[in-house]
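Each reported figure results from applying straightforward, stated rules to the coordinates on display, with no laboratory input. Treat the numbers as computed from the prediction; the structure is a model and nothing was measured. Reconstructed Cβ throughout: ideal geometry from the backbone, glycine too, with neighbour counts over all protein chains shown.
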Amino acid sequence: MAFKPKEQALEITIPQIKLNQLVLTLVGDSPLICHAWSEKAKREMLAKQMKKATTGKGAKDPLNDFTDSMYWLTEKPVSPTMEDISRAQFGFPAVAFKSAAVDACSYASGISKVQARGAFHISSDMVHIQGVPEMREDMVKIAMGTADIRYRGEFRDWRVSLSIDYNVVVLSAEQIVNLFNIGGFAVGVGEWRPQRDGSFGRFHVV
């Protein structure tokens, strides 16, 4: 009878991921325009997808549209006033800033978007906007060329702080700062940013 040789245990060495943390402060170079999905818009979209009967659109409420366009960090009152807004804190999705830095790879050499996307992460979903919002009125084109008036929150003087975890084997702190600087100029965040043929939402690293 033939005997199989005893298999030896294979020792596998897994290199550790070398992580570090970096805190960046970004200062706005042009106004940041917010356009969050309101609860009303979400309900209307869901009702349409579920083919539910809906009523006609109500009268436009500029103040309500303005308050609904922003990402509230403090509890949002049922019917916010301008005084409530002056005391409240607002945020912006962290993924928007990461996307700006990743897309900056198109304007920098030495790193691809795939590498950058996995090399660093912002440690929160929403970042606090330091600044006071103002109501912005814009004429916009919607479906079939119809014009509409939009009221949105705009931060003219603003800054944010980002806490970033990064893999030092893939990217250095200097490279990350460079990507955010380029992304702030060439890509931007929010509505009408450079990436969307606008000039709003530009920023630089302090």
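Shape verdict for the stretch 59-163, please, from the Cα gyration tensor: rounded (a/c under 1.5), prolate (a/b greater than b/c) or oblate. Spell out each step's value before the answer.
Working: a/c = 2.87, a/b = 1.53, b/c = 1.88.
Verdict is oblate for the stretch 59-163.
Using a cut-off of 18 Å between alpha-carbon atoms, which aspartates and glutamates can reach Lys18, once sequence neighbours fewer than 8 places away in the same chain are excluded?
Within reach: Asp165, Glu174.
Under a GNM of the chain (C-alpha, springs under 10 Å), which listed residue has the highest mean-square fluctuation: Arg136, Arg87, Arg156?
Arg87
Using Cα-Cα distances under 8 Å and only pairs 6 or more residues apart, what relative contact order does the stretch 52-206 have, in percent?
For the stretch 52-206, the relative contact order is 23 percent.
Counting chymotrypsin sites (Phe, Trp or Tyr not before Pro) as exposed when in a DSSP loop with at most 11 other beta carbons within 10 Å, what is the longest stretch of the chain free of them?
Working: sites that count: Phe3, Trp37.
In the chain, the maximal stretch lacking such sites is 38-206.
Give me the extension gain from Gln21 to Asp165: residue separation times 0.36 nm, minus the current Cα-Cα distance, reported in nm with one decimal.
Values: separation 144, 0.36 × 144 = 51.84 nm, distance 0.46 nm.
Between Gln21 and Asp165, full extension yields an extra 51.4 nm.
Sorted from fewest to most neighbouring beta carbons within 10 Å, what does the list Ile14, Ile122, Ile129, Ile149 look like? Working shown, then result.
Working: Ile14 5, Ile122 19, Ile129 22, Ile149 11.
Fewest to most other Cβ atoms nearby, the residues stand as Ile14, Ile149, Ile122, Ile129.
Based on the Cα coordinates of the stretch 114-206, what is the per residue volume of their convex hull in Å³?
Spelled out: Cα convex hull of the stretch 114-206, divided by residues, is 129 Å³.
Taking 7 Å along the Cα-to-C-beta vector as the label spot, tell me the Asp84-Ser123 distance in nanometres, rounded to one decimal.
Label at Asp84, label at Ser123, 3.3 nm between them.
For a quick check, take a GNM of the chain with Cα springs below 10 Å and name the residue from Glu154, Glu83, Glu191 with the largest mean-square fluctuation.
Glu83
Test of understanding: what is the full-extension gain from Lys60 to Leu73, defined as 0.36 nm times their sequence separation minus their Cα-Cα distance? Mind showing how you got there, number by number?
On the way: separation 13, 0.36 × 13 = 4.68 nm, distance 2.49 nm.
Answer, rounded to one decimal: 2.2 nm.
Is there a quick way to get the dipole size of the stretch 81-128? I mean about its Cα centre, with the Cβ of Lys and Arg at +1 and of Asp and Glu at -1; what is the value in debye to the nearest 20? Before the final figure, lay out the partial values.
Working: 4 positive and 4 negative charges, 57 e Å.
Magnitude of the dipole: close to 280 debye.
With +1 on each Lys and Arg Cβ and -1 on each Asp and Glu Cβ, how big is the dipole of the chain about its Cα centre, in debye rounded to the nearest 20?
About 760 debye.
Which label marks the calculated value of Rg/Rh (Cα atoms, Kirkwood Rh), given the options (i) 1.22; (ii) 1.00; (iii) 1.16?
Comparing each candidate, only (iii) matches the computed number.
Of the options Phe203, Val160, Ser99, report the single residue whose Cα projects farthest towards the positive end of the charge dipole of the chain (beta-carbon charges: Lys, Arg +1; Asp, Glu -1).
Selected residue: Ser99.
Projecting each Cα onto the charge dipole of the chain (Lys/Arg +1, Asp/Glu -1 at the beta carbon, about the Cα centre), which of Gly145, Gln175, Gly28 comes out farthest on the positive side?
The one lying farthest along the dipole's positive direction is Gly145.
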